[in-house]
Amino acid sequence: MSEPQASPPTTPTIWPGAGRGIKHGDLPKHLFTVAAKHARRALAAAEDPLDLLDRANSIGTSVELLAKSALAHISPTLIAEKDPKSALLLSGVAVAAAYEAKTKSVTDCLLVLKNMGVDFNQQMDVKVLSVRNFALHLGQVDRTLFDEALGTMARLCEEILTVITQHDSTLDRSAFWGSDLLTHVDERLKEEQEAKTLRLQELLAAARRAFERLEQLGLDERALEQLAERDPQIDDENVISVLDWSPERRECPACEHSGWLGYQVIDRSGVYVETDGMCDAYHLVEVSVEARQFVCAVCGLDLDSELLSLVGLGDAQQVTDQASDEEIEAREQYDVERYLDEY
């Protein structure tokens with residue numbers, strides 16, 4: 001009877017870092033450190049064209065690297081793309097060169113962190129990536145977008161830092177921004193919140209005036225309720241076909257009639273198979289659905305996703321839908337590749 005063969009020794013992943021190699025266990029802190037350098041450069045005033053392009057790049061890069069640092073503090077495999085070699089590299093096993101590791105997109109990382117309480121608004125916060133991509137791919141900076149993205153960067157980084165400090169209390173906001181920039185960051189956060197509040201108050205005031213005009217025209221409650229039932233059809237087409245989606249209606253903060261929440265699909269992932277007890281198998285997928293807009297058909301109030309949380313009108317649902325042919329094929333291909341890599 002032959003002796004069982006011993007498994008070949010595994011070589012630990014050594015990351016090249018930025019100038020010197022770092023151990024795999026230091027990857028989360030390395031990502032934090034580089035993200036901090038980008039964030040500080042983004043906030044440092046510089047008007048030279050090349051410096052301005054570097055700052056625009058740093059706005060998006062700081063958010064991306066800090067988001068990956070937060071996930072890597074939990075487990076580096078959380079930032080791995082759906083690729084077996086990348087998963088092994090990011091679990092600390094050097095099965096390939098470190099530079100071959102493929103990681104999730106920044107949006108995917110932020111969506112994971114959103115489930116952990118990070119206030120990421122996919123519709124509005126994408127500006128931090130837009131300003132970076134505009135600088136990298138076309139060598140240009142839109143100053144209005146740039147200034148807005150700086151405030152969004154500061155807020156997102158603050159949100160992500162709350163996750164990181166739960167795992168390493170030394171990596172707090174002072175370590176990230178530096179003591180000389182803390183006041184600057186606080187002012188930017190205050191300005192962004194005040195701008196949102198002002199915009200909300202202006203929209204509410206306009207809606208209330210519109211409702212007062214309806215009352216002056218003599219519309220009774222029955223007529224107003226009929227107006228409220230008009231569907232503005234603001235749902236994303238991808239949401240309408242989702243099986244278990246259950247839309248909600250909410251009271252309008254301006255006129256107190258029932259308004260409409262418009263939804264969008266945030267993520268589709270996790271294809272799995274279920275049977276009904278009669279040997280019939282169904283491919284299903286988990287779908288994240290989120291309210292992106294509120295519209296009142298009576299007073300005309302129209303709030304985008306950035307303002308929903310200010311008036312308590314947000315809604316997010318995790319529902320089940322039938323997997324598409326493309327999703328089923330992608331899942332089967334992934335299973336085949338994983339099997340081949342293992343055997």
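Values quoted throughout were computed directly from the atomic coordinates according to the rules given, and no laboratory measurement underlies them. Computed from a prediction, not measured in an experiment: that's the story for all the values here. Virtual Cβ from ideal backbone geometry, glycine too; neighbours counted across all protein chains shown.
For the chain, list the DSSP H helices whose alpha carbon atoms reach 15 Å or more along the long axis and whose average Kyte-Doolittle value is 1.6 or above?
On the way: long enough: 27-43 (24 Å, 0.01); 49-74 (39 Å, 0.48); 127-138 (16 Å, 0.71); 143-164 (31 Å, 0.62); 182-216 (51 Å, -0.88); 325-342 (26 Å, -1.79).
Going by DSSP H runs, there are no hits.
Please get the size of the charge dipole for region 220-342, origin at its Cα centre, with Cβ charges of +1 on Lys and Arg and -1 on Asp and Glu, quoted in debye to the nearest 20. Walk me through the numbers on the way to the answer.
Numbers: 8 positive and 32 negative charges, 112 e Å.
Computed about the Cα centre, the dipole is about 540 debye.
Report the charge-dipole magnitude of the chain in Debye, nearest 20, computed about the Cα centre from +1 at each Lys and Arg Cβ and -1 at each Asp and Glu Cβ.
1560 debye
Which loop-located trypsin sites (Lys or Arg not before Pro) does region 215-295 contain, where loop means any DSSP state but H, G, I, E or B and the Cβ has at most 14 other Cβ atoms within 10 Å?
Working: sites: R222, R230, R249, R250, R268, R292; in loops: R230.
Here the trypsin sites (Lys or Arg not before Pro) that fit, given the DSSP loop and packing criteria, are R230.
Using Stokes-Einstein with the Kirkwood hydrodynamic radius over Cα pairs, what translational diffusion coefficient do you get for region 222-292 at 37 °C and a viscosity of 0.692 mPa s, in µm²/s rounded to a whole number? Numbers along the way, then the final one.
Details: Rh = 14.7 Å.
Answer from the Stokes-Einstein relation: 224 µm²/s.
Using Cα springs under 10 Å in a Gaussian network model of the chain, which residue among V289, V311, V106 shows the largest mean-square fluctuation?
V311
Would you work out the relative contact order for the chain, in percent, from Cα pairs under 8 angstrom that are 6 or more residues apart?
Working: 487 pairs, mean separation 44.1, N = 343.
Value for the chain: 13 percent.
Per-residue ellipticity at 222 nm for the chain, helices alone: DSSP H runs ≥ 4 residues times -39500 (n - 2.57), over residue total, nearest 500 deg cm²/dmol?
Working: 12 runs with 166 residues, N = 343.
So the calculated ellipticity at 222 nm is -15500 deg cm²/dmol.
Report the local net charge at R249: Lys and Arg +1, Asp and Glu -1, summed over other residues whose C-beta lies under 11 Å from its C-beta. Walk me through the intermediate numbers first.
Numbers: positive: R250; negative: E229, D231, E248, E251, D315.
Residues close to R249 contribute a combined charge of -4.
Top mean-square fluctuation among E327, E286, E212, Gaussian network model of the chain, C-alpha springs under 10 Å?
Maximum among the listed residues: E212.
State the answer as a single residue: which of C157, G259, F176 lies farthest towards the positive end of the charge dipole of the chain, with beta carbon charges of +1 for Lys and Arg and -1 for Asp and Glu, about the Cα centre.
F176
Take region 32-126, drop everything but the C-alpha atoms, weight them equally and run the Debye formula without solvent; then report log10 I(q)/I(0) at 0.14, 0.16 Å⁻¹ to two decimals.
-0.60, -0.74
Calculate the dipole size of region 14-180 relative to its Cα centre from +1 charges on Lys and Arg beta carbons and -1 charges on Asp and Glu beta carbons; express the result in debye to the nearest 20.
Values: 18 positive and 20 negative charges, 97 e Å.
Value, rounded to 20: 460 debye.
In Å, what is the Rg of the alpha-carbon atoms in region 71-157, and how long is Dmax?
15.6, 45
Which of the residue pairs K114/K190; K37/K102; K85/K127; K37/K104; K82/K114 have a Cα-Cα distance greater than 27 Å in the structure shown?
Values: K114/K190 22 Å; K37/K102 23 Å; K85/K127 32 Å; K37/K104 21 Å; K82/K114 20 Å.
Over 27 Å Cα-Cα: K85/K127.
I need the trypsin sites (Lys or Arg not before Pro) found in region 92-135, filtered to DSSP loop residues with at most 15 other beta carbons within 10 Å of theirs.
K102
Divide the volume of the convex hull of the Cα atoms of region 14-180 by its number of residues and quote the answer in cubic angstrom per residue.
Numbers: hull volume 20.1 nm³, N = 167.
Looking at region 14-180, the number lands at 120 Å³ per residue.
Quick one, can you get me the convex hull of the C-alpha atoms of region 220-342 expressed as volume per residue in Å³? Don't jump to the answer; show the numbers that get you there.
Values: hull volume 17.2 nm³, N = 123.
Hull volume normalised by residue count: 140 Å³.
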